[in-house]
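What follows is a set of notes on a single structure, which appears directly below.
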Amino acid sequence: MQRILVIEDEKEMVRGLRDILEFEGYEVSSAETGKEGLEAIARREPDCIILDLMLPDMGGLEVCELIRARGLGTPILMLTAKAQEYDKIRGFKAGADDYLTKPFAVGELLARVMALLRRRGVYGRDEDVVRIGPSQVDVKHFLVRRGRKEYSLSHYEVELFKLLYARANQPVSRDEILDRVWGTESFPTNRTVDNFIVKLRKKIEEDYRNPRHILTIYGVGYKLSP
Ligand code: CA
């Protein structure tokens, strides 16, 4: 049974999450503070962590950083009260894999959790290097290796890759990519997304003109097929 740890101090929210996740067959444990959460992780590493941004003793991002500082790659889904209070770039930098704004639909929560667990299941624990077709993508060191070639990745290329990877095999719209990677504060366009996709393809794909892994979903956006 896959284990999910919920770190959140709002009892109603914890109860709701527990009901939803247990109904789906997950084993759920919870912690009310960042400190308790870190202790729970040390006792028995969960398969996925749902982490609230606002905790009584420390911020969710700080907890996130502490988890990553221990060298753990456990997928982390951040919960945030309002989209605008969450700085996505900071979140990704702190090591969060995805985020969800409260209130959320049950289906949306489950889809995100499943995507994170699948990623972990397929690629094993604590991996910063993932294989995409002929390439190894090292998100920690901002590198792609393919054969004897090595390419460096920019910050936005890594963030774009991480988003597509967290949602592997599902289409992600250009709007969502813009929102999650660039944030609503800056003003890149859909064209920016397309340009960055080409950059990633050139580094990851064997033949970027005939991509086999970073796929265009016409009328929607892009999909990563590892
Ligand atoms: Ca909270």
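Things to note:
- From the list Asp47, Asp87, the one residue that fits, being touching a residue at least 60 places away in the same chain (Cβ under 8 Å), more than 21 Å from Arg118 (Cα to Cα) and among the acidic types (Asp, Glu), is Asp87.
- Output for the range 46-72, where each listed residue is more than 16 Å from the ligand (Cβ to nearest atom) and over 24 Å from Glu176 (Cα atoms): Pro46, Asp47, Glu65, Leu66, Ile67, Arg68, Ala69, Arg70, Gly71, Leu72
- Among residues of the range 1-12 that are touching a residue at least 40 places away in the same chain (Cβ under 8 Å), those with a beta-carbon under 7 Å from a residue that is of a type in the set (Phe, Trp, Tyr) and more than 9 Å from the ligand (Cβ to nearest atom) at least six positions away or on a different chain give the pairs Gln2/Tyr26; Ile4/Tyr26.
- Evaluating Gly34 against the criteria (1) within 12 Å of the ligand (Cβ to nearest atom); (2) in contact (Cβ under 8 Å) with a residue 12 or more places away in the chain; (3) over 19 Å from Leu72 (Cβ atoms) leaves one unmet condition, (3).
- Enumeration of residues in the range 142-152 that are touching a residue at least 12 places away in the same chain (Cβ under 8 Å) and surrounded by 13 or more Cβ atoms within 10 Å (Cβ to Cβ): Phe142, Val144, Arg146, Tyr151
- Among the numbered conditions (1) of a type outside the set (Ser, Thr, Tyr); (2) over 18 Å from the mean Cα position of the chain (by Cα); (3) crowded, with 22+ Cβ neighbours inside 10 Å, the only one that Cys64 does not meet is (2).
- All positions within the range 18-47 that are open to solvent by 60 Å² or more (accessible area, probe 1.4 Å) and in a strand (DSSP E or B): Glu27
- Any hit, the range 103-120, residues being touching a residue at least 40 places away in the same chain (Cβ under 8 Å), within 16 Å of the ligand (Cβ to nearest atom) and farther than 21 Å from Glu157 by Cβ: yes
The values are calculated or read from the model by the stated rules, or taken from the named source; none is laboratory data. Just so you know, these numbers come straight off a predicted model, no measurement behind them. All Cβ positions, glycine included, derive from the backbone under ideal geometry; neighbour counts span all protein chains shown. We work out accessible area using only protein heavy atoms, side chains counted, and drop any ligands, DNA or RNA first. Shrake-Rupley method; radii C 1.70, N 1.55, O 1.52, S 1.80 Å.
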